[in-house]
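Undergrad: Can you read through this structure? Questions will come right after.
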Amino acid sequence: MAIVDVTVVPLGTKTPSMSDYVAEVQKVLDENSDKISYQLTPMSTLIEGDLGDLFDVIQQIHEVPFKNGIERVSTNIRLDDRRDKQVKMEDKLKSVEEKT
C-alpha cells in the first residue's frame, strides 16, 4: 500500500480560483473509490492504495483540466511507498498523536 500527495494545477485559467477543477478531480476519485481511498486537504489531495491503481488514478485526474479546455497542466506527486509493513494514512497520524 502506498500513499500519494498529489496536486493538479491547471495553467492559464480565466480566474485564480481552482475549486471547480478540484471538484471535478474529486468526482474522478469518487468513481475510483473501489480501489483507492483519498482525503482532500486545503493544499492537495492524499490518495492511498496499490501503486498501480494510484498511477492509473493520477493519470485520470491529470486529464481533468485538459478535458475542461485547459491546454497546460502541472501535476506534482509525492509518493510514500513503504514495503516492510502496510501503513495507512490514519496509522501515520495516530503514531504521531500517540507521541504528543
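Read the figures in this text as sums done on the coordinates, not as results from a lab. As the structure is a prediction and not an experimental result, all values here were calculated from the model.
Undergrad: Got the relative contact order for the chain handy, in percent, Cα pairs under 8 Å and 6 or more residues apart?
TA: With pairs under 8 Å counted, the relative contact order is 45 percent.
Undergrad: Springs between alpha-carbon pairs under 10 angstrom, Gaussian network model over the chain: which of L46, L11, L29 fluctuates most?
TA: Of L46, L11, L29, the most mobile in the Gaussian network model is L11.
Undergrad: Give me Rg over Rh for the chain, both radii from the alpha carbons and Rh done the Kirkwood way, two decimal places.
TA: 1.01
Undergrad: Report the number of Lys pairs in the chain whose alpha-carbons are under 17 Å apart, with separation of 8 or more residues or on distinct chains.
TA: 5
Undergrad: Quick one: 3J(HN,Hα) in Hz for the stretch 10-18, Karplus 6.51/-1.76/1.60 with θ = phi - 60°, rounded, Gly and Pro as x.
TA: Per-residue couplings from phi come out as x, 9, x, 7, 6, 10, x, 6, 10 Hz.
Undergrad: Moving on. Show me, for the stretch 32-47, the HN-Hα J-couplings you get by feeding each phi into the Karplus relation (A = 6.51, B = -1.76, C = 1.60, θ = phi - 60°), rounded to Hz, glycine and proline as x.
TA: 9, 5, 6, 10, 9, 10, 8, 9, 7, 10, x, 10, 6, 10, 9, 10
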